[in-house]
Each structure stands twice: as structure tokens, then as C-alpha cells.
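These notes concern the structure reproduced below.
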Amino acid sequence: MHTYVFTLISGLLSGLALGLTGGGGSILAVPLLVYLVGINIHLAIVTSLIAVGATSLISSITYMRQNLVRFKVAFLMAAPGILSTFFGSLINKKLNGHLLLIMFSFLMFYIGFRMLKKRNIENVKSDTQNILKILFFGFIVGFLSGLFGVGGGFLLVPALYLGVNLSMKEAVGTSLFIIFMYGLFGMTSYIVEKREIEFLISAIFVLGGVFGGFIGAYIGEHLNQEKLRKIFAYFTMAMAVFIFLENIGYFI
């Protein structure tokens, strides 16, 4: 029973972060499932694909109502990501779980550091017409999502904010919808490979995530762009340090 209680709490915390920071919140899912719920890293990754994907769709509704989801960008990024997510998941099962998490922590810290810096030009015009750039970012983020679980999708917000030049709130809202699509196709790839999936854990996680997601989205709606950007950056860096310290001991 305690496993299900911790799963519900994990979903609530992940959903809260997801609704507030968009794809950035997805980085919480895998660590919570591993350290709080107690399932192994590979099972946690596929569970996060299902649970975070569903929670992201629900959380994105708040942003859709404010016209902050850029659907053209979302579909363009998701198209190559669907293919690359599959490749990432194939590599995932060949790597040591602790090594995966250490690699993930370095990437997280770097992105968080980059997000602390303001863009050089204020009020930059959105680069939503640069189709090749959007496709490129979609491929990279999709691959990392398959490799690290949907947690890799935390790169969506920096890619949309720094790469495509969306506003921070547009990046958050659009990333939520993309995470849903990545999660759907990532889960499909795991089913095709006939890998173990905990559907009950996923369902309970989603239940907690729904409540947390609406709370996070509500808070994000009332924050200005700069505060939202800094919250995302510090949150990402803190999680990176925690994950690194938890796993480096296995290689010392």
C-alpha cells in the first residue's frame, strides 16, 4: 500500500512542477519513481513516458485557453522526435542505469545554467517560421526523451525559449503538448519491444499528476516571465546536483 501512496505523492509533485515549468517538470518523474517509489531505473523510465505524457496533456489545457500553445511548432518538433525517441529507447536498455542518471545530471546542470542568462536581445521575434531549426531541435529532444525517459523532454523549454525564441510562457505551454506526443509514441515503442510496464503505477501517478498539474499551471499563469525562467533554471540545477550525488558513489 505504501508504494501506491508514494506513487500518488510523486505524481502530485511531478504534476505541480510540470504545470509550472512545462517540460522542465518532467525531470522529476524518473528520480521520484526511483528514489521515493522504489522501482528500478528502466521501469521508471517507461512509467514516466506514460504518466507524464498523460499529465502533460491535461496540464496544457490551461495554456491552450490562453492561446499560449503554438501547435504548428509543436507538431513540427514532434514529427522527427517520434522517430528519434524510438532510437533513444533502444540505446537506453544497453546502458547502465546509474551511468544514465549521471549523464542526465550533467546535461540538466548545463541547461539550467544557460537558462539563467537572459537572451541578448529583449523582445526577440519568434522564429516559428524556421522549419529546419524546429525539426532539428525536435529530433534532438526526442532522442534524449527516449534515452532518459520523458525527463529528457525538459530540454523542450530551453529549445523553444532559446532556440525558437518563444516567450517563456509560450515555451512552457507548447512543451506540455509536445511532451504528451513524445510520451504517447515513446510508450508505443516500449510496448513493441515487449518491455515491462507498470500500468497501475502509471495510473496512480497520473491521478496525482492531474491535481498537481492544475495547481502548477495556475501558479505559472500568475507569475511574470522572468520569475518563471529563473524558477525553471534553479529547479533544474538543484535536481542535477541531487541526481549526480546519488549516483556517483556507484563508480567510486
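The values are calculated or read from the model by the stated rules, or taken from the named source; none is laboratory data. Here the structure is a predicted model, which means the values were calculated and not measured. Cβ sites come from the backbone with ideal geometry, for glycine too, and all protein chains shown count toward neighbours. In case anyone asks, the SASA skips ligands and DNA or RNA and just uses the protein heavy atoms, side chains included. Shrake-Rupley method; radii C 1.70, N 1.55, O 1.52, S 1.80 Å.
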Query raised in the report: Quick one: helix 225-248 against the long Cα principal axis of the chain, what's the angle to the nearest 10°, folded into 0 to 90?
Result: 30 degrees
Query raised in the report: Using the scaling law 2.2 N^0.38 Å as the reference, what is the normalised Cα Rg of the chain?
Result: 0.91
**Report entry** Extreme residue, positive dipole direction of the chain, given options 139, 17, 162 (C-beta unit charges)
**Finding:** 162
Query raised in the report: In degrees between 0 and 90, to the nearest 10, how far off the longest principal axis of the chain does helix 168-192 point, with axes built from Cα atoms?
Result: 40 degrees
Report task. For the chain, build the charge dipole from Cβ charges (+1 Lys, Arg; -1 Asp, Glu) around the Cα centre, then report which of 173, 103, 48 sits farthest towards its positive end. Result -> 173
Report task. Report the full-extension gain for the segment residue 61 to residue 83: residue separation times 0.36 nm, less the Cα-Cα distance, to one decimal in nm. Result -> 5.3 nm
Report summary line: Extension length gain for residue 96 and residue 117 (0.36 nm per residue less Cα distance), in nm, is 4.2 nm
Query - Helical mean residue ellipticity (222 nm; -39500 (n - 2.57) per DSSP H run of 4+; nearest 500) of the chain - result: -24500 deg cm²/dmol
Requested in this report: With everything on Cα atoms, drop me the angle between helix 71-92 and the longest principal axis of the chain, reported from 0 to 90° to the nearest 10.
Outcome: 30 degrees
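Regarding the range 154-208, what whole-number volume in Å³ per residue does the convex hull of its Cα atoms give?
Measuring per residue, one finds 92 Å³ for the Cα hull of the range 154-208.
Tell me, in nm to one decimal, what length is gained between residue 1 and residue 35 on full extension, where the rule is 0.36 nm per residue of separation less the Cα-Cα distance?
Here the answer is 10.6 nm.
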Query raised in the report: For the chain, what is the relative contact order in percent, using Cα pairs closer than 8 Å and at least 6 residues apart in sequence?
Result: 42 percent
Requested in this report: With a probe of 1.4 Å, find how much accessible area the chain has per residue, and write the answer as a whole number in Å².
Outcome: 43 Å²
Query raised in the report: Using a ≥ b ≥ c from the Cα gyration tensor of the range 2-94 (square roots of the eigenvalues), is it rounded, prolate or oblate, where a/c under 1.5 gives rounded and otherwise the larger of a/b and b/c decides, a/b for prolate?
Result: oblate
